[in-house]
Number of protein chains: 2
Amino acid sequence: MAAESNSKSDILTLEKVREALIKQEDTIISRLIQRANFPLNSPAYDEGKFPSFPGSLLQFVVKETEALQSKVGRYESPEEHPFFPESLPPSLLPLPANPPVLHPAAGSININEKIWEFYFDELLPLFAAPGDDGSYASTASSDLDCLQAISRRIHYGYYVAEVKFKGSPQDYEPAIHDQDRDSLMKLLTFVDVEEMVKKRVEKKAKVFGQEVSLVDNANAKTDKHNASEKYKVDPSVVSRLYEEWIMPLTKLVQVEYLLRRLD
Amino acid sequence: MAAESNSKSDILTLEKVREALIKQEDTIISRLIQRANFPLNSPAYDEGKFPSFPGSLLQFVVKETEALQSKVGRYESPEEHPFFPESLPPSLLPLPANPPVLHPAAGSININEKIWEFYFDELLPLFAAPGDDGSYASTASSDLDCLQAISRRIHYGYYVAEVKFKGSPQDYEPAIHDQDRDSLMKLLTFVDVEEMVKKRVEKKAKVFGQEVSLVDNANAKTDKHNASEKYKVDPSVVSRLYEEWIMPLTKLVQVEYLLRRLD
C-alpha cells in the first residue's frame, strides 16, 4: 500500500501538504527503480495468455490486491482510489474518527483511468528494458506499487486545492462561480515551482538510482561525470513523468475539485 | 512481491549468485526506508484489536497477500517461502519449464519463523519511530515487503551453497558424510567478505536514505559531515541487520541445505 504517514487529524497547512508531496517523490522514484529490476514482461499484460484468469495476469493481481486493501480500509482515505472500483468489498475497520478536511466532492473525482493509460502506454516503455524473464507476478505487483504511488500523488491535489482555497477564497470564488476552468488553471500554475520540482525529482533519481559499490568510493566524490554514468531509471524520464503527467494531472484534480468546492 | 529478475534458466555461477545478492541489498534497504515512513503503529500487531479479524491486522494482511501471491505462482520459486504456509491455494499458472537447479531438499528448509521473530522483536524497534499515526494497513503491507525481501535474501543461501558445492564437491563431501555442521560452517565463513558486505550495505543506507533537496547541493559535495547528518534509516542498523541476522541465517540455510545435499 502506498500511504506515507500524514495524519488527517492535523490542521491542513500548505507547509504540511508540500512536505507530504516531497516525501511522495521519494516513494514514486523508489518504486520505479524497483520496477526497473524487471524487463517489460509483456505476457503479464496479455488478456487470455493464462486461461485460468478472466483477463490479464496484471488485472487479476490489481483486482485481488485492491479487494484485500479495501477490506483493511485503504479506500476510506479520500486520496486513495481503486483502479477497478466495481464491487469492492467494504472496509472491516472502524471509520477514522477525524472529521473530514475536504469537501465531499473529492470522493467523486477519480482520474485513475488516465493514469493507467499513460503508465502502460507511454511511461513504462521509457524505463523498463525490453525482454521477458518470466517474473510476471512480481512485475504486476511492482506495476501496482508504481500506479498507486502516482495515483496518490495526483489525487493529493485535493489537499493542495483545499489549502489554497482556504488561504484566499476571494481569489478563487469568482472563477468558481463562473465555472471558469482556464482562470482556475492560471491561478494554480506557478512555472518557477514546477521547474524546481522537475529539477528536484531528477536529482533524486540520480541519487537513489545510482549503483553503489565500495570500489568507486574515492572517485565518485571528485569525478562527477564518472559517478553519474549509469542509473537504474533514467533521471530525465522521472523529470518528464512530472512534467507531462503528474503535474498537469494534479492541476486537473485541483480544478475539478475547486469547480465543485462551493456546491 | 519481492523478486528481482534472475532467470533460473541461466546456468548457475558464483558470479550471478553474487550479483543477485548485491541487487537484493538495494531492495531490502529501500523497503526498510519505506517502512520508516510510518511510526511503530503497534495496534496493527495487537490480536483482538479489530474484532472483524481473527488475529491481528498484520496477520490478516500477510495471510491474504500470501494467498493471492500463491495463486500467481510466487511459491513455485524455491527461494520464496510463505510466513503462513497452512492451506495456501495452489498456483493458477503453468509451472516453469526450466529444470530445477537445486536439490529438492531446498523445498523443506523454511526458516521464516526465525525471520518473523527477529524482525518484529528486535529489528523493527531499531528503525521505526515510536508512535501511532493510524496507517495500520499500509504499515502491515510495508512490513510484509520488508519480511519478504529479507526472507528471499536469506533463503537464497540455497543457491550460494549449491554453486559452492558444485565448484568443489571434494571440499564439502567429507563434512556432509559426517553430518558435521561445524566444519560446514567453517567452510562457508569468509570473515573478509562479511566485513565488506557490512560496509557496503552501510554505504548504501547512507546513499539511499539521505534527504535530497536542491538547496544543499553545493555543500553536500564538499562537506561530507553535513551531508550525512540525517538518514531515513540509521545506516548502522542496516549493517547490524546483516551482521546479526541476514548473514548468520543465510549460512544456516546453506548448512541445512548441504547436510541434505547428498540424500
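The values are calculated or read from the model by the stated rules, or taken from the named source; none is laboratory data. No experiment lies behind these values; they were computed from the predicted model shown. Quick reminder, even Gly has a Cβ in these numbers, built from the backbone with ideal geometry, and neighbours come from all protein chains shown.
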Within the stretch B:41-72, restricting to residues that are under 20 Å from the mean Cα position of the chain (by Cα) and in contact (Cβ under 8 Å) with a residue 60 or more places away in the chain, the one that is surrounded by the fewest Cβ atoms within 10 Å (Cβ to Cβ) is B:Val62
Scope the stretch A:49-61; condition assigned to a loop (DSSP other than H, G, I, E, B), out of contact with any helix residue (DSSP H, G or I) (no Cβ under 7 Å at 6 or more places or on another chain) and either modelled with pLDDT of 90 or more or within 7 Å of chain B (Cβ to nearest Cβ) (or both); matching residues
A:Ser52, A:Gly55
Keeping to the stretch A:225-236, report how many residues are outside any helix (DSSP H, G or I), modelled with pLDDT under 95 and over 16 Å from B:Val212 (Cα atoms).
2
Of the numbered conditions (1) modelled with pLDDT of 95 or more; (2) closer than 30 Å to A:Val233 by Cα; (3) out of contact with any helix residue (DSSP H, G or I) (no Cβ under 7 Å at 6 or more places or on another chain), A:Ser135 fails exactly one; give the number of that condition.
(1)
What do you reckon, is B:Gln24 more than 11 Å from chain A (Cβ to nearest Cβ), at pLDDT 95 or above and out of contact with any strand residue (DSSP E or B) (no Cβ under 9 Å at 6 or more places or on another chain)?
no
For A:Gly157, work out the one condition from (1) surrounded by 16 or more Cβ atoms within 10 Å (Cβ to Cβ); (2) within 14 Å of chain B (Cβ to nearest Cβ) it doesn't fulfil.
(2)
Quick check, is A:Asp143 surrounded by 22 or more Cβ atoms within 10 Å (Cβ to Cβ), closer than 20 Å to A:Trp245 by Cα and not small (Gly, Ala, Ser)?
yes
If we scan the stretch A:129-142, do we find a residue that is farther than 21 Å from A:Ile28 by Cβ, in a loop (DSSP other than H, G, I, E, B) and of a type in the set (A, V, I, L, M)?
no
Being under 17 Å from B:Pro100 (Cα atoms) and among the aromatic types (Phe, Trp, Tyr) is the filter here; which residues of the stretch B:149-184 pass it?
B:Tyr156, B:Tyr158, B:Tyr159, B:Phe165
B:Lys23 is checked against (1) assigned to a loop (DSSP other than H, G, I, E, B); (2) on the phi < 0 side of the Ramachandran plot and fails just one. What number does that condition carry?
(1)
Consider B:Asn37 carefully, then state whether it is surrounded by fewer than 19 Cβ atoms within 10 Å (Cβ to Cβ) and in contact (Cβ under 8 Å) with a residue 40 or more places away in the chain.
no
Name the one entry in A:Tyr136, A:Tyr119 that is buried (at least 17 other Cβ atoms within 10 Å of the Cβ) and free of Cβ contacts under 8 Å to residues at least 40 places away in the same chain.
A:Tyr119
Do the conditions hold for A:Gln69, that is, is it more than 9 Å from chain B (Cβ to nearest Cβ) and polar (S, T, N, Q)?
no
Count of residues meeting criterion [away from chain A (no Cβ under 14 Å) and in contact with a Phe, Trp or Tyr (Cβ under 9 Å, 6 or more places away or on another chain)] in the stretch B:111-143:
10
Note on B:Glu64: of the conditions (1) over 26 Å from A:Ser30 (Cβ atoms); (2) facing chain A (nearest Cβ under 7 Å), unmet is (1)
Here's a check for you: in the stretch B:72-93, which residue that is at the interface with another protein chain (Cβ under 10 Å from one of its Cβ atoms) and in a helix (DSSP H, G or I) is farthest from A:Lys71 (Cα to Cα)?
B:Glu76
Given B:Val101, B:Val163, which one is surrounded by 13 or more Cβ atoms within 10 Å (Cβ to Cβ), assigned to a loop (DSSP other than H, G, I, E, B) and β-branched (Val, Ile, Thr)?
B:Val101
Taking the stretch B:159-185 and keeping residues in contact (Cβ under 8 Å) with a residue 60 or more places away in the chain and either among the small types (Gly, Ala, Ser) or under 14 Å from B:Arg260 (Cβ atoms) (or both) leaves B:Ala161, B:Glu162, B:Phe165, B:Gly167, B:Tyr172, B:Glu173, B:Ala175, B:Ile176, B:His177, B:Gln179, B:Arg181, B:Leu184
Residues in the stretch A:180-189: is at least one more than 14 Å from chain B (Cβ to nearest Cβ) and acidic (Asp, Glu)?
yes
Which number in (1) modelled with pLDDT under 90; (2) under 25 Å from A:Asp121 (Cβ atoms) marks the one condition that A:Asp46 misses?
(1)
For A:Pro96, are the conditions met, namely being in contact (Cβ under 8 Å) with a residue 40 or more places away in the chain and within 11 Å of chain B (Cβ to nearest Cβ)?
yes
From (1) in contact (Cβ under 8 Å) with a residue 40 or more places away in the chain; (2) surrounded by fewer than 14 Cβ atoms within 10 Å (Cβ to Cβ); (3) over 28 Å from A:Glu202 (Cβ atoms), pick out the condition that doesn't hold for A:Gly131.
(3)
Residues that are more than 24 Å from A:Trp245 (Cα to Cα) and modelled with pLDDT under 95, at least 3 per element: which helices (runs of 4 or more DSSP H) completely within the stretch A:168-224 meet that?
A:217-222
